[in-house]
1. Of everything in the range 104-121, what is more than 16 Å from the ligand (Cβ to nearest atom) and either in a strand (DSSP E or B) or within 17 Å of the chain's Cα centre (by Cα) (or both)? Give them in sequence order.
2. Please state which of the following conditions Gly191 fails to meet, knowing it meets all the rest: (1) assigned by TED's automatic domain parsing to the domain that holds Leu142; (2) away from the ligand (no atom under 14 Å from the Cβ); (3) of a type outside the set (A, V, I, L, M).
3. Which one of these is within 26 Å of Tyr286 (Cα to Cα) and in contact with a strand residue (DSSP E or B) (Cβ under 7 Å, 6 or more places away or on another chain): Ile95, Ile78, Ile170?
4. Please specify each residue of the range 173-198 satisfying the condition of being in a loop (DSSP other than H, G, I, E, B) and closer than 19 Å to Asn284 by Cα.
5. Could you count how many residues in the range 75-88 are touching a Phe, Trp or Tyr at 6+ places or on another chain (Cβ under 8 Å) and either at pLDDT 95 or above or in a helix (DSSP H, G or I) (or both)?
6. Hey, any hits in the range 300-321 for a residue that's closer than 18 Å to Asp259 by Cβ and part of a strand (DSSP E or B)?
Amino acid sequence: MAIAGHERNILHLDMDAFFAAVEQHDNPRLKGKPVIVCGDPEGRGVVSTASYEARPFGVKAGMPVAQAKRLCPQGVFIKGDIQKYIKLSLQIIDILKTFTPLVEPYSIDESFLDVTGCEGLFGPPVGIAKLIKAEIRRKFDLTCSIGVAPNKLLAKMASDFQKPDGLVVIRQEDVPEKIWPLPVRALMGVGEKTEKVLHGLGIKTIGDLARYPVEPLEYRLGVVGKALHAMAWGIDNSPVRPSGLPIKSMSNEYTLPEDTTNQEILKAHIMRLSCEVGRRLRKNGYVGRTVNIKLRYHDFITITRSESLRDFTDSDKAICEKAWELFLRNWQK
Ligand SMILES: [Mg+2]
């Protein structure tokens, strides 16, 4: 728990329906219409972002385009322009950095800011959040939602409370009233698997988790159990880590059931692994630029090679082509 005098003021900013809002801004005829941004409107891709007009039809990010078309036949389906969104995302980060150097880009449309000690210059945290919202609206005519809290965990939950165009403050003492009634799934880090384990213990809400004794949680889920229990109490001491862009990696690997030198078989596996990575990137709204391959031979000699692409991408094709090129250049047969 924070010690008096050491309380932090953390903001979490989340752009509202970012890709769709950018498209509506660039083409005013799309304003007020259900706009659905996706990888390929004619293909088998998934939805990247649905505008708020499309959401009442049940269209959601990560949904197959074909399903979105069934739910919302009148939707305007647009192929996303990731380079454009990245450029804008970097401009938004520049605005945030005028308030504090402690800006941590979390995804293409989300950032954490530590504004502790910035009161003298810009006023209290809520005032700073209002200034940021006004500046983003003035410069780009876009809205965002901001959560204000003593840590990243609560700030992120707060920004989700009142979308779009929200501004929500959660203090440590608000946790029982505002956080505990939410389903455990709403807690960062609780995926389908963990949710199942928790449900099995009779834990449905974050409040149930907070009141559950920590030892059996640790027994069932290891360190994760202990961490989740602390999170249910709204405790999170992780710092805001400033950086240029979020550095993360996503990978998939596969051990062949038997050794092979058949190039066609190897190519099929590389394609499949690349598509798997691409799908996860798109599902989570990430793009990447560096492709790494790892090859392990029958004698366990392992090599890794990497090379960067010219542009950021979440395309299966771009990942696969680069991975295959790296493979051919380095494969010792
Ligand atoms: Mg967003």
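The values are calculated or read from the model by the stated rules, or taken from the named source; none is laboratory data. Keep in mind that this is a model prediction, so the values were computed, not measured. Neighbour counts run over all protein chains shown; Cβ positions are idealised from the backbone, glycine included.
1. Result: Asp114, single match.
2. Exception for Gly191: condition (1).
3. Sole residue among the options that is within 26 Å of Tyr286 (Cα to Cα) and in contact with a strand residue (DSSP E or B) (Cβ under 7 Å, 6 or more places away or on another chain): Ile78.
4. Of everything in the range 173-198, those that are in a loop (DSSP other than H, G, I, E, B) and closer than 19 Å to Asn284 by Cα turn out to be Leu187, Met188, Gly189, Val190, Gly191.
5. 6
6. Within the range 300-321 (the criterion being closer than 18 Å to Asp259 by Cβ and part of a strand (DSSP E or B)), the answer is yes, since at least one residue qualifies.
Here is a yes/no grid of residues against (1) touching a Ser or Thr at 6+ places or on another chain (Cβ under 7 Å); (2) hydrophobic (A, V, I, L, M, F, W, C); (3) within 30 Å of Phe18 (Cβ to Cβ):
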| residue | (1), (2), (3) |
| --- | --- |
| His229 | no, no, no |
| Glu264 | no, no, no |
| Val277 | yes, yes, yes |
| Arg280 | no, no, yes |
| Tyr286 | yes, no, yes |
| Asn292 | yes, no, yes |
| Thr304 | no, no, no |
| Ser308 | yes, no, yes |
| Glu325 | no, no, no |
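The rows are residues; the columns are (1) more than 25 Å from Lys317 (Cβ to Cβ); (2) away from the ligand (no atom under 16 Å from the Cβ); (3) in a helix (DSSP H, G or I).
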{"site": "Glu7", "(1), (2), (3)": "yes, yes, no"}
{"site": "Ala20", "(1), (2), (3)": "no, no, yes"}
{"site": "Gly32", "(1), (2), (3)": "yes, yes, no"}
{"site": "Gly43", "(1), (2), (3)": "no, yes, no"}
{"site": "Val47", "(1), (2), (3)": "no, no, no"}
{"site": "Glu53", "(1), (2), (3)": "yes, no, no"}
{"site": "Gly62", "(1), (2), (3)": "no, no, no"}
{"site": "Pro73", "(1), (2), (3)": "yes, yes, no"}
